[in-house]
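Accompanying notes for the structure given below.
The values are calculated or read from the model by the stated rules, or taken from the named source; none is laboratory data. Keep in mind the model is a prediction, meaning the values are calculated, not measured. Here the Cβ positions follow ideal geometry from the backbone for every residue, glycine too, while neighbour counts run over all protein chains shown. Calculation scope for accessible area: heavy atoms of the full protein, side chains included, ligands and nucleic acids excluded. Shrake-Rupley method; radii C 1.70, N 1.55, O 1.52, S 1.80 Å.
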Amino acid sequence: MSDRPGGDAKKIHDLALEIITEKQPVRVWPLLMQRLTADLPCDLAVLVDLNWDAGTGHALTGSPDWLYEAPLDVLIHAHMRSHPLLRHYAHTRDMTPLSMDEVADDRWWKGEGYRAGKDAIGIDRQLALPLSAGPGKIRSVIMSRSGLGFSDRDLEYAVLARSLLDTVEAHEAAVIARAGPGDPAEHKITPRELAVLTLLCDGLTARAIGTRLAITQATVSKHIENIYRKLGVRDRISALRKAHSLGLVRPGQPAARTAAALRSSTLAQASDGSGGQLPSVG
């Protein structure tokens, strides 16, 4: 971090300007992850979206790029309830950025969750920026650096950055709301891929999508790979935001959205003679 007076505020100002002038809203969160890791600085940053009550969650995007190949969802599912920062936010609904050193005790540093994260992706000292989320949900940016803990100056920067992140989501929602309905065929999205994309927007895992559509998890993964390629994205949150911006799916009313996509997918199956009799996930 720079010791220059006002340096943190200028970094946030520059980042806000970059976001507001970004012509492709789908790029905003990857841009944020890159800038947070550079400005703080830290080794990595991950945006997580958790359903605490259900014990499920996902890593939506992150930086650096190699995180896209890391087993982030596996780590989240296995250790989210023992993670001191996540547990703190779940129980208190506090919105203050905190470091792991402020909330963890020896049980964490000597425990399986800490070892698993460090072995898998080198995650060590951590700083969380909690974001607005619904009841029973946690949405947060988790940043990590190796060895060196986070200083009071780092926490000051995190407070400024956190206020910007919620504004970013409101800005994106306004941009998406202005988009009209899109035609999946225009983007070469098939009815089955639209069904997968719709369920992905509802937060279902590949396994759950496979069960819902009566196809294998491998087939779901292939559909997701095709969706990413056709939309020109490389991660879940970018795909969902691009789909919203193109009007392929609309924010809100997930049940109605899913039902429409499933009907389209079923009709497509009937037309190609498959009758939906594909193997279910084991």
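Numerical summary
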quantity: Complete set of residues in region 55-64 that are over 22 Å from residue 39 (Cβ atoms) and either crowded, with 21+ Cβ neighbours inside 10 Å or hydrophobic (A, V, I, L, M, F, W, C) (or both); calculated: 57
quantity: Residue 67 modelled with pLDDT of 90 or more, open to solvent by less than 20 Å² (accessible area, probe 1.4 Å) and in a helix (DSSP H, G or I); calculated: no
quantity: Residue, surrounded by the most Cβ atoms within 10 Å (Cβ to Cβ), within region 33-46, restricted to residues that are modelled with pLDDT under 90 and closer than 17 Å to residue 70 by Cβ; calculated: 33
quantity: Matching residues in region 85-103 - criterion: being open to solvent by less than 20 Å² (accessible area, probe 1.4 Å) and more than 20 Å from the chain's Cα centre (by Cα); calculated: 99, 100
quantity: Test for residue 191: is it open to solvent by 40 Å² or more (accessible area, probe 1.4 Å) and at pLDDT 85 or above; calculated: yes
quantity: Any pair with Cβ under 6 angstrom, 6 or more apart, that starts in region 29-58 at a residue that is under 21 Å from residue 124 (Cβ atoms) and ends at one that is in a helix (DSSP H, G or I) and open to solvent by 10 Å² or more (accessible area, probe 1.4 Å); calculated: 39/11; 45/37; 57/76
